[in-house]
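The values are calculated or read from the model by the stated rules, or taken from the named source; none is laboratory data. These numbers come from a predicted model, not from an experiment. Virtual Cβ from ideal backbone geometry, glycine too; neighbours counted across all protein chains shown.
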Amino acid sequence: MIFMNRINPFNGIFALLAVVLMLLASSCNSTKEVLYFQDLKPGNTVAVTAEELTLTVRPEDKISIIVNSRDPQLTALFNLPRVNKSIGTVGQTSTSLSSGGNDMLGYTVDADGEIDFPVLGKIYVAGKTREQIAEYIKSELIRDNLVKDPIVTVEFMNLCVSVLGEVNSPGRYALDRDHNTILDVIGMAGDLTINGNRNNVMVLRKDGDTQRIYTLDLTSGSNIYSSPAYYVQQNDVVYVEPNEMKARQSTVNGNTVRSASFWISLTSLAMSVALFIMNL
């Protein structure tokens with residue numbers, strides 16, 4: 001009579017449990033995947049080698065231009081009127097439901113990069129900074145003896161950057177300074193979520209007819225401060241992709257061979273089978 005050695009099912013269960021625990025441990029977000037500036041320590045100094053980008057005017061941008069001098073009646077000729085926004089019925093002139101007071105009208109840069117300025121006529125502003133536009137208008141007013149002591153102020157009115165993906169508040173955000181960094185923009189969007197991939201943040205930038213794509217590693221300070229995308233421009237799109245854990249959760253029920261739930265289900269099934277065999 002031949003006797004067969006009965007295989008102990010618990011040996012297989014313990015081995016499977018060990019594999020599952022290892023997989024679960026590896027699937028969790030490690031500290032290195034979450035922390036910013038890991039190569040920087042308190043007291044360190046890091047040179048910002050990224051080229052500092054000053055915002056310049058582009059077609060479809062909107063700018064405000066205000067001229068001041070000692071003679072307000074004279075400078076009024078060069079300033080667009082203020083309008084009072086109202087939230088009334090269309091066709092009515094009532095301002096009883098004002099949305100915030102007077103707003104300055106602005107100049108929209110046309111496709112040729114020009115604006116139509118009072119008295120001076122067409123002015124080419126594309127590619128110029130706020131200061132350059134203000135200085136040009138000031139010199140023209142003085143040269144034509146229109147205003148003796150003009151003070152010209154130019155401000156951007158509609159410059160924005162879009163932030164998409166794994167951030168707490170995705171959306172479109174206004175640029176309120178001439179120099180805005182990727183860190184400023186991420187702060188506006190409420191920082192990355194815990195599921196955001198900090199190693200591969202994309203910045204999409206249109207340069208004429210070319211779409212340029214830059215990537216930044218937020219865990220590396222040296223990478224951030226040397227990237228061409230450290231300083232953002234109007235109409236940039238910042239995209240934060242999900243990390244691997246978030247990507248796995250996006251599948252149907254999250255049950256893929258790489259997901260924790262898959263291995264937990266598999267372990268539960270193996271234990272049930274083993275108990276069934278033992279009871280035979």
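Summary table below
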{"read-out": "Residue that is surrounded by the fewest Cβ atoms within 10 Å (Cβ to Cβ) [pool: residues in the range 157-210 that are within 23 Å of E60 (Cα to Cα) and among the small types (G, A, S)]", "value": "G208"}
{"read-out": "Any hit, the range 91-100, residues being assigned by TED's automatic domain parsing to the domain that holds A111, modelled with pLDDT of 55 or more and either closer than 30 Å to L192 by Cα or part of a loop (DSSP other than H, G, I, E, B) (or both)", "value": "no"}
{"read-out": "Extreme residue, farthest from Y107 (Cα to Cα), among residues of the range 155-176 that are charged (D, E, K, R) and without any contact (Cβ under 8 Å) to a residue 60 or more places away in the chain", "value": "R172"}
{"read-out": "Test: P150 is touching a Leu at 6+ places or on another chain (Cβ under 8 Å) and not assigned by TED's automatic domain parsing to the domain that holds V46", "value": "yes"}
{"read-out": "Subset of the range 135-152 (residues that are in contact (Cβ under 8 Å) with a residue 60 or more places away in the chain and either part of a helix (DSSP H, G or I) or touching a helix residue (DSSP H, G or I) at 6+ places or on another chain (Cβ under 6 Å) (or both))", "value": "I137, L141, V147, P150, V152"}
{"read-out": "Residue match in the range 75-85 (condition: at pLDDT 50 or above, out of contact with any strand residue (DSSP E or B) (no Cβ under 8 Å at 6 or more places or on another chain) and surrounded by 10 or more Cβ atoms within 10 Å (Cβ to Cβ))", "value": "yes"}
